[in-house]
Each structure stands twice: as structure tokens, then as C-alpha cells.
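Heads up, the thing below is written out as C-alpha cells.
Nothing in this text is a laboratory measurement; each read-out follows from the coordinates by a stated rule. Just so it is clear, the structure is predicted and the values come from calculations on it, not from any experiment. Because the Cβ atoms are built from the backbone with ideal geometry, glycine has one as well, and the counts that use them run over all protein chains shown.
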Amino acid sequence: MSIFNNRLIVIALKLYVCAALVITAILSNPVTSAAAIFALLVYLFFQWRQINIFMGLIVNYFIFFAIAILLAPITNFVISTVISLPVLFLVTNSLIKTSDIVSHRNMKYSHSLTPVGIMLPVIATTNLIAALFLSNWALVISSSIALIYATLLSFISITKISSQSLLTEKIQEHILAGTASELQVILHSKTKIGGKLFIESPYEWLTIQSPVLLFKQDPLILKLSLSPHLSGPSEVSINVYATDIWGLTHAQFQLSVIQLHVIPRARYAAWLAKRYLEATKPGMLPMISNVNTIKPQYGFRRGIEYYGSQLYQPGDELRSIDWKHTSKYNKIITKEFVEFHGQPAVLLVNLAVRDPEEADELAQTIIITAISLARQQIPTVIAVYDQNGVRLVTQTLQPRQMVVQSLKIIDEIMIFENPAQYLYNPNITMLRSNIGRLASIEGESAKVLAQLMGIEYGNFVNSIKYNPATNAIKQALKIANIQSTIVIVSKSNHDANAIEINRFLISKRGYAFVTV
């Protein structure tokens, strides 16, 4: 189609149009001559001003009919129509330019005509009817040619642009639910007529970074950003809206570009937990397989849980000698033990969620939090509850026990309908501060307002007395028996108020709160 954009040919044809109209004005009768001069002036004005691309198309289409009609009296209707035919080249050039401003739209059918695709045959048909009524054979022939021209281009567009005109190199993608990834999809164009592609994503988690592509490029590189949900489709398709090079027709279809395998967060977290448990099995130290790779480390751990073995160091107790490995490696090996380090923690877990997506997120958070605490060797009490009550409160757990327990807890996550959702949590700190400020202000109105706020504060405190979160915290702190960091894992539904108020009340006793 590059011939229609050849600048020299376009200039030559514009001069051809001017010459045809000038000759018509010279050789015709006064009425026809005046019409030819008017047509020439209109043509030159729009060539000079070039108001917009669409007007350029209308003027060229008008000139095609004008030359055929105006030259007919001084030649004949057949010759005048033949003389006007090269103007269709300029019409085609204008169509190609107009296609750049055609936008895509949703359609009821797979193919439809654009406004330009409707306008051209409508004008030609209207002219043909008028020509038959007026018995103007030059207009009859030129209108028929224009109608065939528009119909033929539209037919070519409809047959050449469809889902079959693009080949996709489908990508196999494995991705963790909720994580972001960027991909490049390669498309190959099978059509030769050219055109424009508008790409849209049917999913809110899939973003098209290059939404407009040109058919003339091959291959076409489509850049995508995705962050799929747990329940996302296994086959990802995109909406494609195609416009031909002349801007006459729209085509819409779906294109499958990715075979997606979404890995649940819970499954991935469980895999991490199992890896941690494998790596921290008693006796699992790298030096056991090759004793020479381990240098003596002074100040090794001492405690109650067997962790592994290491080379004997001066000062090691004889009762710590690992006789089995000593005989195996012919070097003195001592057992290494581990003890808890750091401030103890209470892992507070709310099992209530509203949908599978939240359940998957919660399971991942529970396991990852447990692994993090275990790696820091933090002794932890796990307190688990849902909307019905306290489900479990453990004793103080060692790191491996805590991770094992977290794997059991995620199986108990409960989805329940319409969990209470709060636009905001009560700001108890500000409420108490306001009550204190009002108490220092003299006046009846301040006193009454302080009383009202005191009633509100009392209602908040009373409302959470029997909440499962409150009971779980009380039981866990009894077991921990010392100041602890309370780690909260919750989707903030039925326990939102209870967590916020307990945070205010308990933090005054020296406890720290961390929300994961």
C-alpha cells in the first residue's frame, strides 16, 4: 500500500485535478464554466488550509463526481468518467490518512462498518438514485463506480482481517497468585493489507502496556503486566479491535496469548515451611557431609534442643561429644544445641475470611509469619480464633513446633458470609485524650461532653469483652506470663473493634503490637 502514500504521485494527481477543472472552465458554457471554477476554488482552498483529514477525504470524493459531471457536455459521459477515475487514487490516499483517527468501539457483531465505511456507499447510492431520476448518465456511471469501489474495499477488509490474520506465540507462565510479572507476547501478522490493532484487557489484573499496534509490523511485540488472582483463568485472552488500512471496517475478536498456571500463595508458603523444616532437622548441619569444610566456631549455641554437630573446641564439655560422628570422621565432634532468643511473642490469628482469595492470602501470611519468628528463634504462643470463639491456644512453642502448627492452622480457615466490615477502626487513644482535655476545662457544656465521651468509651470497652479476639489474647498472655510482642494476623472483620481496643488497653502494660 506504500504506492498510495507516494508523495510525487499524490502531487502529480493534485495538479491533474486542477488542470482538468481549468480545461473544463475554458471549454464549457458559462454555467458549467462557473461550476468548474467554483469546484477549483473549493479544492484549492482545502489544499491550502487543510482544516482536517476528514474534510480532505470529502473534498476528493466530491471532486471525483464533479469532474465526471462537468466534463460530460464537452466530451461524453463515458470519457468524462474515465478522466475522473485517477481521482479515486487521491480518495484512497485520504482514506489511509483518515484511518489514523478512527477509534475502536465495542460491537454487537464480529465485523462492522466504520462511519467512513458507511458514508462512502451512502453518498454513492444517493447520487445514483438522483442521477437515475435526472437521467444524468455521467453521474450514473461515476456513482456506480464509487459504489463498487467502496463495496470492494469493505469486502476485502472483512475477509482479510479476523482472528485468523494473527498468529500467537502462546506463553506458558507459572506465577504466584497476587505477584506482579511483565511479559512480552509475539504476534505475527498474516494479512498484507495493513491496518491498526487496538488491544484491551478484559481483566482488571492484566494491563496492556502497548495497546496500539500496526499490522504492517511483523513481528508485533505486545507488552503485558499481570498480577493474577487465585481464581484467575488458566487461559488468558485479550480483546482485539482491528481497523483496516482504509478505516472502512472494524473487526473484533479474542486472542489467547498466555497459558497461565496460578500458584496459590498458601501452597507456596507451605512449600517454604517444608523447606524450613527439612533444613532445620536435628543434626542437619552442612559440615556433617564434609567435616573439613567447617572451621572451628567459638561460642557455639548451648540450650536444650539438639541443632547439629561441629568440631571440638577448647572448653567444650565432654558430655557434649558426638561419639557417632567422632568415630565416623576420626575427629572429635561435639553436639550443638539451640535455645530461644529474643522477646517472646504471641501470634494472634483470626481464621475468619469472606472469600477464597482472602483465605489464600491469610494462609500465606500465617505461614510466612511463623517462619520469620522461627528463624529469629523467638518463643511463641499461638492463639487462634474465628467468629464463633477461640479455637486453639498453644503452649510456648519451639521454632520447628511453631512452623508445624502453622501448617495445621491453615486447614481450619473459615469462609463465612457477610463478615462485618468497618470503614475505620475506633481511635481509642484520641477518645481518651479528648476526655482528659475536657476534664480540665471548667464549664457545664465541657462536663456534659466529657460524660458523653465517657459513655462512648465504656460502650466500646464493654462491647469487646466477649469477643473471641479478647478471649484469645487473655488466654495467650496467661501462658506467655511475661511481656510479649503480640503479632496480629487478621483480615479485620468481626474482630476489628476488639483488636483496636485491646491494643490501647494492653499496650499501657508494656506490650507491643505488630499487625502483619
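One table, with the values for the structure above:
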quantity: Unit charges on C-beta of K, R, D, E only; dipole of the chain, Debye; calculated: 980 debye
quantity: Phe513 long-range amide H proximity, modeled H, under 5 Å; calculated: Ile486
quantity: Mean ellipticity per residue at 222 nm, deg cm²/dmol - from DSSP H runs of n ≥ 4 across the chain, formula -39500 (n - 2.57); calculated: -15000 deg cm²/dmol
quantity: Calculated FRET efficiency for the pair His174/Val212, C-beta based, R₀ 30 Å, to 0.05; calculated: 0.55
quantity: Using a Förster distance of 56 Å, the FRET efficiency for Ser433-Asn6 (Cβ separation, nearest 0.05); calculated: 0.10
quantity: Whole-number Å³ per residue for the convex hull built on Cα positions in the range 163-262; calculated: 80 Å³
quantity: Separation of alpha-carbon centers, the range 260-274 and the range 1-66, rounded to whole Å; calculated: 69 Å
quantity: Burial order of peptide ranges 255-267, 10-22, 493-505 (average beta-carbon count within 10 Å, highest first); calculated: 493-505, 255-267, 10-22
quantity: For peptides 438-449, 382-393, 58-69, 213-224, sequence by mean Cβ density within 10 Å, most packed first; calculated: 58-69, 382-393, 213-224, 438-449
quantity: Anchor Lys478: lysines whose Cα lies under 20 Å away (excluding residues fewer than 8 positions away in-chain); calculated: Lys465, Lys508
quantity: The range 382-516, dipole about Cα centre (Lys/Arg Cβ +1, Asp/Glu Cβ -1), debye to the nearest 20; calculated: 500 debye
quantity: The chain - percent relative contact order, Cα under 8 Å, separation 6 or more; calculated: 10 percent
quantity: Other-chain or far-sequence residues with amide H under 5 Å of Lys190's (modelled H); calculated: Leu166, Leu167
quantity: Least to most buried among Ser484, Ser492 (fewest other Cβ within 10 Å first); calculated: Ser492, Ser484
quantity: For the range 4-158, fraction of C-alpha pairs farther apart than 24 Å, in %; calculated: 35 percent
quantity: Bridge type composition, the chain - antiparallel percent by DSSP, nearest 5; calculated: 65 percent
quantity: Long-range HN-HN contacts of Arg391 with modeled amide H, under 5 Å; calculated: Val384, Tyr385, Asp386
quantity: Most positive-pole-ward Cα, Ile479, Ile455, Ala469, against dipole of the range 358-502 from beta carbon charges; calculated: Ile479
quantity: Low-density loop cleavage sites - trypsin sites (Lys or Arg not before Pro) in the range 86-153, where at most 15 other Cβ are within 10 Å (DSSP); calculated: Arg105, Lys108
quantity: The range 122-214 - Debye-derived log10 I(q)/I(0), Cα point model, q = 0.18, 0.22 Å⁻¹; calculated: -0.91, -1.10
quantity: The chain - Kirkwood radius from inverse mean 1/r over Cα pairs (Å); calculated: 31.2 Å
quantity: When each of Lys281/Lys474; Lys190/Lys223; Lys274/Lys324; Lys281/Lys324; Lys14/Lys97 is checked by Cα-Cα distance, pairs over 22 Å; calculated: Lys281/Lys474; Lys274/Lys324
quantity: Cα-based convex hull volume of the range 455-499 per residue, rounded to whole Å³; calculated: 84 Å³
quantity: Hull shadow area, averaged, the range 345-515 [alpha-carbon convex hull, nm²]; calculated: 10.5 nm²
